[in-house]
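Only one structure is covered here, and it is reproduced in the block below.
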Amino acid sequence: MVPLICAWEYFPHKKGLMTGIIIGAYGFGSFIFALVSSHLVNPNKANPTIDGGDINYFTPDVADRVPYMIRTLAYIWSCFVFIAVVLITRKPRERVKIF
């Protein structure tokens, strides 16, 4: 909600457009990080080969990369959070002169 409120304060006549851009960016981020996480955990695009009955599993070399993927994504997201905290601001209120 914080990005939406800040955008609404800076663009009060274009609330719908700003909401659409921000919500669309959330969805696009999910799309991009799905690709990034898949590449980190399975860079050779191996198919699951171990038969487990109804479910096929990946080989241990793919499964062993899961902690690396989580750690790498946590570092990337931490950098993004730091940048967002530094850059996001509320619109300054205009001072009202009484006299």
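The values are calculated or read from the model by the stated rules, or taken from the named source; none is laboratory data. Computed from a prediction, not measured in an experiment: that's the story for all the values here. Note: ideal-geometry Cβ built from the backbone for every residue, glycine included; neighbour counts use all protein chains shown.
So here's what we get for this one:
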read-out	value
The listed residue being loosely packed, with under 13 Cβ neighbours inside 10 Å and either touching a strand residue (DSSP E or B) at 6+ places or on another chain (Cβ under 6 Å) or not in a loop (DSSP other than H, G, I, E, B) (or both), out of S30, S37	S30
The range 28-54, residues that are over 22 Å from T72 (Cβ atoms) and of a type in the set (G, A, S)	G52, G53
Extreme residue, modelled with the highest pLDDT, among residues of the range 41-91 that are of a type in the set (D, E) and surrounded by 10 or more Cβ atoms within 10 Å (Cβ to Cβ)	D64
Residue within the range 49-58 that is without any contact (Cβ under 8 Å) to a residue 60 or more places away in the chain and in a helix (DSSP H, G or I) present	no
Qualifying residue in the range 9-16 (condition: surrounded by 12 or more Cβ atoms within 10 Å (Cβ to Cβ), in a helix (DSSP H, G or I), free of Cβ contacts under 8 Å to residues at least 12 places away in the same chain and small (G, A, S))	no
Any hit, the range 61-74, residues being closer than 30 Å to Y10 by Cβ, more than 16 Å from the chain's Cα centre (by Cα) and not aromatic (F, W, Y)	no
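Let's see how each residue does on (1) of a type in the set (S, T, N, Q); (2) out of contact with any Pro (no Cβ under 9 Å at 6 or more places or on another chain):
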| site | (1), (2) |
| --- | --- |
| F28 | no, yes |
| V36 | no, yes |
| K45 | no, yes |
| T59 | yes, no |
| A63 | no, yes |
| V66 | no, yes |
| M69 | no, yes |
| T72 | yes, yes |
